[in-house]
Amino acid sequence: MGYETWLVLFLGMMTALLLYNVVQWSLYRERIYGLYTVYLLVWLAYFPLRSFSDFPDNAAHFIRITGPMLAYFVYYDFTIAFLNLRTYRPGLLRLFRGVQTGLIAYLLLEVGFCFITDYWRLPVHELIHTGVRLSLAVLSGYIIGTIYQRKDPVRRLFITGSALLVLGALTAMILTMTLPLDGPAYFWLVPLTYLQIGIVLELIFFSVGLAYRHRRDLLKKTLFEQALTRERKQRQRDYTEARQVVELLQQEVDEMHMRALQAQISPHFLFNSLNSLSALIADEPPKAEQFVDELSSVYRYVLQANDRELTSLAMEMKFINSYYHLLKTRYGQGISLKVSINPAYEDHLLPPLTLQLLIENAVKHNIVAQNTPLTIQIFTNNTGALVVRNNLQRKGANRLTSTKKGLQNINMKYKLLNQSPLDIHESDISFDVIVPLIPATAQIAF
């Protein structure tokens, strides 16, 4: 097979490798594939241009010398990207940049030799070129030995390809100096053939190395994503468990707070009741006995109320009727209670002892006397809320010293139940407290 046939075959292989690399570049969009494409294009352009016979002698000489040098310049950039020398070997990176600077200087020098002077015709020029090639070969041997020490399959594939290129270039250089120029044109007797074989083998190893590198990176990425997914799921489970623990703890705290609020009522209520009983014992012993019976019934409800957060309106009103009897026993005609509740709301819920506290506040802060009776009304309005109203006849001193602790107590209960607070309206003649009623079917959560 003649060299011309081999050259066509060689260029076909190079074109196939170029097309394969372009496909890879379009898929992965990495800079390394761009550098590889430029490297391939330099070689693809170099050999047809070198075989073209219509160039002037100096231009043909310039192409013969500078084509490989330009390819080597791109090769160093490609090697830096492939081996990640910026982090892997910064010292080697500085060496590569120095060699690239030297190659640019040499290319500029050749421009002067070939196009400005006739120095390219002198034998010494060829010696200089041979010295440059030998220097690059020695440097390549050092780089190959340095990188081959790392037991990394990708780097070894790459550097093996580089070694094959150096071997092919050295073989071509030696054959150029030893074979006769007018020998037969069989392809194995043409020195360029061995450089081309070295280039093909180099590019095959490069392509395999790139494919292996990408597969390894993809595997690492997959393993990392799997580990990240597992960690994310574990964190989500930990977060869910922690949130459940926090919710349980918050619920326990809220329940304890609710118990504490309810416990505040009992001593206060008992204290007021005992004061009333003390007065009755001294003034009206028969009523005191009746008062004790009513007090027993009322206090039983108070104790039961401490065990639950909500009670029905019907149960609360039953308790209020007993409580009102206690007040009636003490104040007689000085107090009256009027109740008008829509039966449709009797199964609605509210915190226990809410109405008792409101009535107690009304008695505490207003004058209760036979000639100026305190009238308390409990009724449902058209919005489905419960209204507790009393006529306003305040005790002057109490109005200044009132802490509104009772209303704050009720509002705190509603807040813990995630419900709307009390709505309070005061006029010159009346004081209204609008108590939200909670439907029995509502989902209550602390």
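The values are calculated or read from the model by the stated rules, or taken from the named source; none is laboratory data. Predicted model, so just to flag it, every value in this text is computed and none were measured. So basically every Cβ, Gly included, is an ideal-geometry build from the backbone, and we count neighbours across all protein chains shown.
Apart from one condition, L95 fits all of (1) out of contact with any Phe, Trp or Tyr (no Cβ under 7 Å at 6 or more places or on another chain); (2) within 18 Å of H129 (Cβ to Cβ); the exception is (2).
Determine whether G384 is surrounded by fewer than 20 Cβ atoms within 10 Å (Cβ to Cβ) and either β-branched (V, I, T) or over 60 Å from the mean Cα position of the chain (by Cα) (or both).
Here the answer is no, as G384 does not meet what is asked.
Those helices (runs of 4 or more DSSP H) of the stretch 41-139 in which 3 or more residues are of a type in the set (G, A, S) occupy 57-83, 90-111.
Per the conditions (1) within 28 Å of L44 (Cβ to Cβ); (2) at pLDDT below 85, the sole criterion not satisfied by R97 is (2). Take the conditions (1) without any contact (Cβ under 8 Å) to a residue 40 or more places away in the chain; (2) under 29 Å from Q419 (Cα atoms); (3) surrounded by 15 or more Cβ atoms within 10 Å (Cβ to Cβ); V368 misses just one of them, which is (2). Would you mind stating whether G34 is farther than 27 Å from A211 by Cα and in a helix (DSSP H, G or I)? Judged against the criteria, G34 is not a match.
Put simply, of L41, L35 the only residue that is modelled with pLDDT of 85 or more and over 19 Å from L192 (Cβ atoms) is L35. The residue pairs whose first member lies in the stretch 88-116 and is surrounded by 13 or more Cβ atoms within 10 Å (Cβ to Cβ), whose second member is of a type in the set (K, R), and whose beta carbons are closer than 7 Å, counting only pairs six or more residues apart or on different chains, are L93/R86.
If you go through the stretch 312-328 and keep only what is touching a Leu at 6+ places or on another chain (Cβ under 7 Å) and either part of a helix (DSSP H, G or I) or without any contact (Cβ under 8 Å) to a residue 60 or more places away in the chain (or both), you end up with L313, E316, I320, Y324, L326.
One residue is enough: does the stretch 173-192 have a residue meeting the conditions closer than 22 Å to N84 by Cα, in a helix (DSSP H, G or I) and touching a helix residue (DSSP H, G or I) at 6+ places or on another chain (Cβ under 8 Å)? Checked the stretch 173-192: no residue is closer than 22 Å to N84 by Cα, in a helix (DSSP H, G or I) and touching a helix residue (DSSP H, G or I) at 6+ places or on another chain (Cβ under 8 Å).
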